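Here the structure comes first, spelled out in structure tokens, and everything after it is commentary.
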Amino acid sequence: MPTKKPSGTIHYRPSQYEGKFVMEVVERISYMIDTLQKEWLNCIAQLEDQHPEESTLWRKVSQLIDDFTDENETLRQLLVHEVEEHVYWMEAGKTNAFDRLTLYRRPISIASSMQSYFFDEVKSVIMTSATLTVKDSFSFIKNTLGLPKENVNELKVESPFSYSKQAQLLVPSDFPDIKQEEEYIDALSEFISMLTSHVNGKMLVLFTSYDMLKKTYNQVKPQLEDLNYALLAQGVKGEQRTRLVKNFRKYERAILFGTSTFWEGIDLPGEDVRALIIVRLPFTPPNDPVYQAKANELTMRNENSFQKLAIPKAVLRFKQGFGRLIRTKDDRGLVYVLDKRLVEARYGNSFIRSLPEIPHTYTSTDEILSITSDFFEE
């Protein structure tokens, strides 16, 4: 039976009888669509003979019919033909309108496919990125991508940036627990407002939840208008990422709120970002279908899914977010992580060890504001 998740995700686990019934219905619909397609194509062929002057129109209609047939086959594959080592799920829209569902199928692991269809077929591959290691080890990314154990050369090159002089990592010790959402958003909104006069420039705020982003946006926006600060946010007004970044660059004093895609792939050097705020450590939601499937496999092998999967994935994401601040040798800025787990949790050291050598301070909000003022006055 369908089971609804808080995120709007539905995992469907039909009984044997229900599964057979669904398959029969889908097959019947597919047969009807195939029959309809043939009838339409026959009709178009006749119309082409009778009205050859409209040949362009008939080609377009034929293409639409072919596209419709392809979509029908995709739907049939998703609902009827289960592929091993894949996970299936459905998602409703943000309003949980179940008349608008998206169906997904994803491989639980891409390792075997990458090895068979890519690594085994080429002579050599060079893979380079600033976010390939966790605690100075390439093991997680090698296992994830299915890299063979032999004939793999590793090289970790030191960063050209002097992080010890260009940046600092600051963690407020008096922030509410991340699980106390209402109190946390109040503290976050107040912190952002107070920080504006100390930074006096542009800030990028990275969220892991669109819901928290929207709530913080609604709370902070009136305050920033009084402070003559522009506030831009992903998803609030429907603007695409490229447009948001372009508009953000136009202002001298502005704050950009982003989730997901803003953790990577955007380049804001120099004064485009003076301060980076990471709202919380970017762990994958535990009800994510692919994550659940991978975690279950590890558990079945008596391995710790949190240590083997959750932490490495979060560390790599954290490094990507961290990399939004220092983009050139001349950049200077501060990173604020508003999640005490970075310091207080035992696994927090995994995140810190995976960053370049950077001064980090765990202290009160008032002291952090003082450090901020001193940093930008230098």
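The values are calculated or read from the model by the stated rules, or taken from the named source; none is laboratory data. Note that the structure is predicted; figures quoted are calculated from it, not measured. Note: ideal-geometry Cβ built from the backbone for every residue, glycine included; neighbour counts use all protein chains shown. SASA here: full protein model, heavy atoms, side chains in, ligands and nucleic acids out. Shrake-Rupley method; radii C 1.70, N 1.55, O 1.52, S 1.80 Å.
Keeping every protein chain present and rolling a 1.4 Å probe, give me the accessible area per residue for the chain in Å².
About 60 Å² of surface per residue is accessible.
Determine how many Å³ per residue the convex hull of the Cα atoms of segment 66-220 encloses.
Hull volume over Cα atoms, normalised by residue count, gives 254 Å³.
Leaving ligands, DNA and RNA out of it, rank 103, 155 by accessible area with a 1.4 Å probe, largest first.
Result of the area sort, largest leading: 155, 103.
For residue 49, what accessible area in Å² do you get when you roll a 1.4 Å probe over the heavy atoms of the protein chains, rounding to the nearest 10?
Surface open to solvent at residue 49 totals about 130 Å².
Rounded to the nearest 10 Å², what accessible area does residue 35 show when all protein chains are kept and the probe is 1.4 Å?
60
How far is helix 181-199 tilted, in degrees, relative to the longest principal axis of the Cα atoms in the chain, given as a value from 0 to 90 rounded to the nearest 10?
60
Using +1 at the C-beta of Lys and Arg and -1 at the C-beta of Asp and Glu, which of 282, 298, 212 has the Cα lying farthest in the positive direction of the dipole of segment 194-300?
212
If the viscosity is 0.890 mPa s and the temperature 25 °C, what Stokes-Einstein diffusion coefficient in µm²/s follows for segment 141-217 when Rh is the Kirkwood radius over Cα pairs?
Roughly 146 µm²/s, to the nearest whole number.
Once the Cα atoms of helix 16-50 and of the chain are each reduced to a long axis, what angle between those two axes, in degrees from 0 to 90 to the nearest 10, is obtained?
On a 0 to 90 degree scale, this one is about 70.
Considering only the other residues whose Cβ falls under 11 Å of the Cβ of residue 69, what net charge follows from Lys and Arg at +1 and Asp and Glu at -1?
-4
Using just the alpha carbons, could you tell me how many Å³ per residue the convex hull of the chain encloses?
212
What is the sum of charges, Lys and Arg at +1 and Asp and Glu at -1, for the other residues whose Cβ falls under 9 Å from the Cβ of residue 283?
Here the charged neighbours net out to +3.
When Lys and Arg each count +1 and Asp and Glu each count -1, what net charge do the other residues less than 15 Å away from residue 230, Cβ to Cβ, add up to?
That sum, taken over residues with Cβ under 15 Å, equals +3.
Kirkwood Rh, Cα Rg: Rg to Rh for segment 112-164?
Rounded to two decimals, Rg over Rh is 1.03.
Compute the angle between helix 55-79 and the longest alpha-carbon principal axis of the chain, please, reported from 0 to 90 degrees and rounded to the nearest 10.
For helix 55-79, the angle is close to 70 degrees.
In what order, largest first, do 371, 266 sit by accessible area if the probe radius is 1.4 Å?
Per-residue accessible area, sorted high to low, gives 371, 266.
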